[in-house]
1. Tell me the mean residue ellipticity at 222 nm calculated for the chain from its helices only (DSSP H runs of n ≥ 4, each -39500 (n - 2.57), averaged over every residue, nearest 500).
2. Under 11 Å from a label point 7 Å along Cα→Cβ of GLU33: give me every residue in region 1-20 with its amide N that close.
3. Which of the listed residues, GLY82, ALA57, LEU39, is farthest toward the dipole's positive end in region 1-103, when Lys, Arg count +1 and Asp, Glu count -1 at the beta-carbon?
4. Nearest 10 degrees is fine. How inclined is helix 125-135 to the longest principal axis of the chain, computing both from alpha carbons?
5. Under unit Cβ charges (Lys, Arg +1; Asp, Glu -1), what dipole magnitude, rounded to 20 debye, does the chain have relative to its Cα centre?
6. Quick check: net charge around VAL132, other residues with Cβ under 13 Å of its Cβ, Lys/Arg +1 and Asp/Glu -1?
7. Once Lys and Arg get +1 and Asp and Glu get -1 on their Cβ, which of THR94, ALA258, PRO137 lies farthest toward the positive end of the dipole of the chain?
8. Tell me, what % of the accessible area of region 39-102 is carbon and sulfur with a 1.4 angstrom probe?
Amino acid sequence: MAEIRRAGFVGRGECVPYPRYGETPEATLATLEAMQEWLYGHPEPKTLQTVMPPGAARNALDCALLDLEAKSMGQRVWNLLGRPAPTACITAYTISLAAPDQMAAATSKVAHRPLLKIKLGGEGDADRIMAVRKAAPASELIVDANEAWTSANLEQNLRACARAGVILVEQPLAAGQDEALAHIRRPIAVCADESVHDRASLNGLRERYDAVNIKLDKTGGLTEAIRMVDAAQALGFQIMIGCMVATSLAMAPAMLLASQARFVDLDGPLLLSGDRSDGLRYEGSLVYPPEPGLWG
C-alpha cells in the first residue's frame, strides 16, 4: 500500500506484485520508496506516467495521488476526472482449479450467483467445465484457462466450453504463443489477459481476441486504465475489468471502469479471510461504489 500525506490529507493506493510479470513485494516496495524525492516536488498526478513504467508499483502510487487530489479538493474522483459516477454492478465469483467433483461441489455452494469465473488448467478441462455447468445450470460462466491450453487442444476445449454455454474464455494460450487464435473459428468470445497490459499492446491483438481484461496492476494505475478502456472500445474490443486477489482499496478505483465493461471481475475481497473495515459493500454478487473514507 502507498500512502501520501499532504496538508492534513492522506491518499491511498494498493497493488499486488505479480510473479508472472517478474514482480516481487520487495522490488515493488523499493520502487515506491525511490519515488519519495519525486513526490516532495508536489508533481501533477498525470506526470507519473512519464517517470514510471506500467506495473504494480505505479498502480499504487497513481491511485494514491488521485485519492489525495480528490480529498484535498473535497470532490469525488470521478468528478475530477470527468467520468460518470459508478453504480452498483454484478461481479463474477471465482471457482478455483481442482478435480471436477471438487469444482462441482464448490460451485453448488454459490450456484445462486449470476456470474461465475471458472479456473481451468489443461488436461481434463472439458470434464471440469461440464461438472461446473451441471452444478450451476442458471449462472453465466466465464472460463480462465490461464495460458494452460495448447494449439493441439484449443479447438476441442473451446467447443466443450461452447456446449456448456460459456460466454467468455480468458487467455487460453500462452502470451506470445497465441497466433493460433487468428487462424481458427472461435465459437465463443476469447479474452486477452496475460497478452495485454497497456494501450501499446492492443493493436497486435485485433485478429486473435474479441475482448481484453484490463487490470490496474497491469496498466500501472487508473489513469492509464481509463485511456486503455477508451482505446480498446475504439478498436472494437469488449471490455473485462479484472483484479488480483486484494482488499477493497485495490478494487475501488476499478469501479470507475465498470460501466464500460461487459464483464466485471472484482471479487478479490470475497476471496480473503477478511477485508478492510471500510471496504466495499458486497450484497451477494452486487458490489457498490466506494465511500469517500475508503478511496476517491
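1. Calculated from helices alone, the mean residue ellipticity at 222 nm is -8500 deg cm²/dmol.
2. none
3. GLY82
4. 80
5. Roughly 740 debye, rounded to the nearest 20.
6. Overall, the nearby charge balance is +3.
7. Checked the options; the winner is PRO137.
8. C and S atoms contribute 56 percent here.
The values are calculated or read from the model by the stated rules, or taken from the named source; none is laboratory data. On a predicted model such as this, the values are computed, not experimentally measured, just so you know. Neighbour counts are summed over all protein chains in view; Cβ atoms, including those assigned to glycine, are modelled from backbone coordinates with ideal geometry. The accessibility values were calculated without ligands, DNA or RNA, using every heavy atom of the protein model including side chains. Shrake-Rupley method; radii C 1.70, N 1.55, O 1.52, S 1.80 Å.
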